[in-house]
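Below: one structure, written as structure tokens.
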Amino acid sequence: MNLEKATILKVLQKITDPISKKNIVENDMVKEIHIKDKNVQVVIEISPNTPADKRKAIESSAQSLISEIEQVKNVFIVITAEKTNLVKGVKQVKHIIAVASGKGGVGKSTTTTNLAIAMQKLGLKVGIMDADVFGPSQPRMLGIKGKPDASNKQALPPMEGYGLKAMSIGFLVAEDKPIVWRGPMVMSAVKQMLNDVMWGELDVLMVDMPPGTGDAQLTLAQSVPLSGAVIVSTPQDIALIDARKGIAMFQKVNVPILGIIENMSMFICPNCNHESHIFANGGAKSEAKKLGVNFLGEIPIDIDIRKTSDTGLPIVATKPDNPQSKIYMEMAKQINNSLNNQKNKKPTIQFS
Ligand code: ADP
């Protein structure tokens, strides 16, 4: 029997909202239900006045009630306490982080998606802006279909997947259509995504950059204050050369480097556990040391990462206990610590 939304709604009716005292379905708090294969994602919107323990109780009841449905394998519950009036632009975004790479295909988008979900699991409100205008992957990686509501000509509401706010050129252009744009068009697309999207209140906006050091990078760095950049590279020299250029570019425009990630660092054979270093190994770590920037860690080349990311079921959301998900969680914690340290850093005045 096919798993249907009605089945999910039926079990969710058993949960009572502590504020309105109605059940959460009747009170229109179940905002999204996505079912893909046996995976279920539900977004529940609670009142911002709900106490933390009651919020946790709603989350865990939803988690266990849905898990008990026979056909369900993975459950992902997102609780939001959103004010419906979203503010246009990034005025209420605390931190903007660029995720960049020297080359394409090194896993930058996969890393962005999973880090964003990991940050959300740390309790932050997170959005993803897909600035990779030539090869937008976020709609697919977040499993979001459809187009944003363009009825308001001045401001575009973001789309939503796994509780993350998301905007991408990919929502507006068919997946198989090439995007052939000149510099000024790229610059204007990046500015529009920053200024005309109703991002509302966010702790972190992760920006999935196009590879290299082009117009999009400069536009972003010059349009908004960036809290930092995360550089994703594979371990081999040819990728590291370009990653180095990316780091130099961000440093030139005074954007702090929050760290380097070595993706596809090694392959661990699922049969015999042998570790193969297909693209060499340790290159990004030694590069980080050489450049005096933080090394955030290594992610293996892993079939579960590939499958989940390409089918819109990001591993951190759908398989949180997988060892690779734990790596993303650790990286997110380090990034969050760096952001908190920036916040706590008081300006020092030196007399001489
Ligand atoms: P980029 O954004 O750098 O172009 P993507 O994130 O689109 O790269 O990744 C390219 C391909 O590599 C995708 O099919 C993705 O699923 C896969 N991939 C990324 N990271 C890993 C990994 N650690 N293990 C296995 N596959 C990966």
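Considered as a group, the residues in region 292-306 that are within 12 Å of the ligand (Cβ to nearest atom) and open to solvent by 40 Å² or more (accessible area, probe 1.4 Å) include one that is nearest to the chain's Cα centre (by Cα), and that residue is R306.
Region 252-352 holds helices (runs of 4 or more DSSP H) entirely within its bounds, and those carrying 3 or more residues that are at pLDDT 90 or above and closer than 28 Å to M141 by Cα map to 303-310, 315-318, 323-344.
Within region 27-47, can you find the residues that are of a type outside the set (A, V, I, L, M) and farther than 18 Å from T308 by Cα? Passing the criteria: N27, D28, K31, E32, E45, S47. Among the candidates G135, G146, the residue that is open to solvent by 10 Å² or more (accessible area, probe 1.4 Å) and either within 16 Å of the ligand (Cβ to nearest atom) or not assigned by TED's automatic domain parsing to the domain that holds L339 (or both) is uniquely G135.
In region 253-291, of all residues being over 26 Å from V224 (Cα atoms), of a type in the set (A, V, I, L, M) and more than 26 Å from the chain's Cα centre (by Cα), the one that is most open to solvent (accessible area, probe 1.4 Å) corresponds to I278.
Residues that are more than 12 Å from the ligand (Cβ to nearest atom), over 30 Å from N322 (Cα atoms) and of a type outside the set (S, T, Y) do occur in region 268-290. For region 105-164, residues that are touching a helix residue (DSSP H, G or I) at 6+ places or on another chain (Cβ under 7 Å) and aromatic (F, W, Y) total 1.
Looking only at residues in region 101-119 that are at pLDDT below 95 and more than 6 Å from the ligand (Cβ to nearest atom), the one that is surrounded by the fewest Cβ atoms within 10 Å (Cβ to Cβ) is K103. Close Cβ contacts (under 6 Å, 6 or more residues apart or on different chains) running from residues in region 84-110 that are within 20 Å of A155 (Cα to Cα) and in contact (Cβ under 8 Å) with a residue 40 or more places away in the chain to residues that are open to solvent by 50 Å² or more (accessible area, probe 1.4 Å) and away from the ligand (no atom under 16 Å from the Cβ) comprise G89/N195; Q92/E201. Restricting the first member to region 47-66 and to residues that are hydrophobic (A, V, I, L, M, F, W, C), and the second to residues that are loosely packed, with under 14 Cβ neighbours inside 10 Å, the beta-carbon pairs closer than 9 Å and six or more apart or on different chains are L65/K14. Only one of these is open to solvent by 10 Å² or more (accessible area, probe 1.4 Å), of a type outside the set (S, T, N, Q), away from the ligand (no atom under 16 Å from the Cβ) and modelled with pLDDT under 95: V180, V190. Name it. Selected residue: V180, the only one of V180, V190 that is open to solvent by 10 Å² or more (accessible area, probe 1.4 Å), of a type outside the set (S, T, N, Q), away from the ligand (no atom under 16 Å from the Cβ) and modelled with pLDDT under 95. With respect to (1) open to solvent by less than 10 Å² (accessible area, probe 1.4 Å); (2) over 21 Å from the mean Cα position of the chain (by Cα); (3) not β-branched (V, I, T), the lone exception for K56 is condition (1).
The values are calculated or read from the model by the stated rules, or taken from the named source; none is laboratory data. Computed from a predicted model, the values in this text were never measured in an experiment. Using ideal geometry, Cβ is built from the backbone for each residue, glycine included, and neighbour counts are taken over all protein chains shown. These area figures cover heavy atoms from the full protein model, side chains too; ligands, DNA and RNA do not enter into them. Shrake-Rupley method; radii C 1.70, N 1.55, O 1.52, S 1.80 Å.
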